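One structure is given here, and the rest of the page talks about it.
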Amino acid sequence: MARLKSRVTSFDVAKLAGVSQPAVSRAFTPGASITKEKRDRILAAAKELNYVPNVFASSLSSKRSNMVAVISGNLNNPFYSETLQVFVESIQRTHRQVLAFSVQDGRDSDDVMMQAMRYPIDGLVVTSAQMSSELVKLSEGLGIPVVMFNRRVVGSELSGVQCDNFEGSAVLGRLMAAAGARRILIVRGDPQGSTSIDRVQGFRSAVDGVAGVEIEEVDGESSYSGARNAMIRRFNGPGPRFPDAIFAVNDIMAIGCADALNENFGLKIPDDIMLAGFDGIREGQRAPYSLTTVRQPVERMVAETLELLKAAPEDLKGAEAQRRVIPGDLIPGHTVPGMGRWAR
């Protein structure tokens, strides 16, 4: 059996280039102080030896890996894939790397978090799924800062950044009621997720007191197929009584509702039923949807999340100021009548 070649080290490169080992490290560190002549010499030696810096070895000496783990929701939902893209670009601009994990809807993130914490990460961002109190304590014991993105963990002191899901949904509720909606169907997401709960409560707060309003709720499983199937189950049968309006707590479910209502029942939006979503994903703004929705300011939310992640661990616990709530942006769209006065 052929023996594996031993890995070339920074000391080998330093010897060939005639420099110190710390100079080799600086040559491969963006922004580090080193002359062009010395860097060129080191890079030439590295090329000759087929040397590639070992990130994990570097982390042992610096005690920082410059890796951030991001635990995302189901990437079949465009909101999470679009958000992950912003995280990757933002983190890489600071010469750090992303370790990405995905959790399916409705499942807790404990197993995935345990997997992430096996790596020498400098911080952890959780954008979806539930997180047990045991995992919160473990991360604190390991000294790994955790920041929640667009969700809360009830009873914990974790810092987090979120869109104002309650008020954004209340705005949509007021608009639908003003447009004449009285029979309203709410399509929920993850029944345990704080985001879905906040949006349902916010919408209800705006319409519950309106005379003649009837509200029904169904589960949409936070997904396109879940919402589409929910519409088919709910309205299949003789003489279905359709609502005046549907509020889906995320855009991908609103799209699923629109497709089912049009393709299975021949209904037009907003002529027959008005529709609103939440998130502001790119797909929802394209024809034929042009959804009325609330866009989450993802770039700002990501920036503030990474700012919290850099804070000292003791600053991330018990401080109400570290739970940042950012207003969303109303996108008028074409799926709720009378939105012309809101057009951009």
*Evaluate the distance, in nm, between pseudo-label points positioned 7 Å from the Cα of Arg182 and of Ala32 along their respective Cα→Cβ axes.*
7.2 nm
_Need one number: nm distance between label points at Leu43 and Leu267, each 7 Å from Cα along Cα→Cβ, rounded to one decimal._
6.1 nm
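Kindly rank 169-180, 16-27 from highest to lowest mean number of other beta carbons found within 10 Å of each residue. Numbers along the way, then the final one.
On the way: 169-180: 20.1, 16-27: 17.8.
Ranked from most to least packed, the peptides come out as 169-180, 16-27.
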*Determine the gain in length on full extension of the stretch Asp259-Tyr119; use 0.36 nm per residue of separation and subtract their C-alpha separation, reporting nm with one decimal.*
46.2 nm
*Residues of the range 255-290 with amide N under 18 Å of the 7 Å Cα→Cβ point at Ile232*: 255-267
*Give the residues of the range 233-251 whose amide nitrogen is closer than 20 Å to a point set 7 Å from the Cα of Glu216 in the direction of its Cβ.*
233-250
*P(r) of the range 10-53 in 5 Å steps, Cα pairs, percent per bin?*
5, 29, 40, 22, 5
*Show me 251-261, 197-207 ranked by packing, highest mean number of other Cβ atoms within 10 Å first.*
251-261, 197-207
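Read-outs throughout are calculated quantities, based only on the coordinates presented, and are distinct from any laboratory measurement. Keep in mind that this is a model prediction, so the values were computed, not measured. Glycine gets a Cβ as well: all are built from the backbone with ideal geometry, and neighbour counts include every protein chain shown.
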